[in-house]
Structures are given as structure tokens and as C-alpha cells.
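Below: the structure, in C-alpha cells.
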Amino acid sequence: ITQRLQQPALKIYTTIDSSLVAAANGQLSADEITDNLTTICQHFKDDLDYRKLRQSFEDLPVIMDNEPASCVQDIVDKVVELGPAKRLHAQLVRLLTLYRVMPVTSATAERNFSIPCDESRHICDQR
């Protein structure tokens with residue numbers, strides 16, 4: 001489990017998740033937005049425009065219409081409600097898309113999870 005929780009993909013996934021929810025709830029300072037977006041943009045390299053994404057992060061409480069976000073899906077729902085206006089937040093839409101398709105597990109972790117089953121194959125085969 002420790003190996004799984006320390007995977008780089010899981011770390012960036014949790015950074016994105018916590019940053020989006022905190023920003024949507026107006027709970028990130030300017031410095032925290034800078035730090036988190038720097039980490040996120042460095043991970044995705046040329047896929048995201050830091051300046052435009054920062055503006056969307058700062059606009060998230062307005063996008064949320066001051067309703068609390070308990071998870072990223074709450075944010076996705078509000079962005080979808082924007083309709084064509086979501087083009088104004090294209091970088092946020094891109095980040096949400098990347099977030100939703102990120103693999104947060106690896107074959108190594110899955111293989112490690114399956115080892116107990118391999119050691120007691122007779123039990124697994126009886127299912």
C-alpha cells in the first residue's frame with residue numbers, strides 16, 4: 001500500500017484534486033495557488049497555460065456560484081452548466097479532462113496487489 005500511495009501519478013492526482021476543491025471554495029491563498037499550479041503545470045508541461053489556468057482558478061468561486069464544492073465532480077457539473085461560456089475557461093476544462101483520464105495506478109502496484117492471490121491459487125481458482 002505504501003508503494004501505491006507514493007506513486008508520482010497519485011501525488012499529482014491528489015494535488016489537482018485538493019487544489020481544485022480548495023480553490024472552488026475560496027480556500028487557497030495567492031501563494032498556494034502559485035505553488036500548486038506550478039507543480040501541476042510542470043507535470044503536464046506544454047499541455048497547460050499557467051497564466052490562463054491561474055485566472056480560472058481565481059474565478060472558481062464565481063463559477064461555483066458560491067456553492068461549496070465537496071469534490072471535483074461538483075466543479076465539473078458547474079463548468080458544464082456554463083455551456084458555451086466554458087470556452088472562457090478552456091485551460092480549466094483541459095485540466096479537468098486530464099484529471100479525469102489520469103491513470104492513478106500502475107501495473108507494478110496492481111501486480112503487487114495480486115501477489116497474495118497467486119500464493120494461494122487454489123482459493124482463487126474456486127471462485
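The values are calculated or read from the model by the stated rules, or taken from the named source; none is laboratory data. Treat the numbers as computed from the prediction; the structure is a model and nothing was measured. No Cβ is skipped: glycine too gets one built from the backbone with ideal geometry, and neighbour counts run over all protein chains shown. Note: accessible area is taken over every heavy atom of the protein model, side chains too, but ligands, DNA and RNA are not part of it. Shrake-Rupley method; radii C 1.70, N 1.55, O 1.52, S 1.80 Å.
Within this structure, ILE115 passes the test of being open to solvent by less than 90 Å² (accessible area, probe 1.4 Å), farther than 16 Å from LEU28 by Cβ and modelled with pLDDT under 70.
Picking from residues in the stretch 32-77 that are assigned to a helix (DSSP H, G or I) and touching a residue at least 40 places away in the same chain (Cβ under 8 Å), the one that is most open to solvent (accessible area, probe 1.4 Å) is ASP47.
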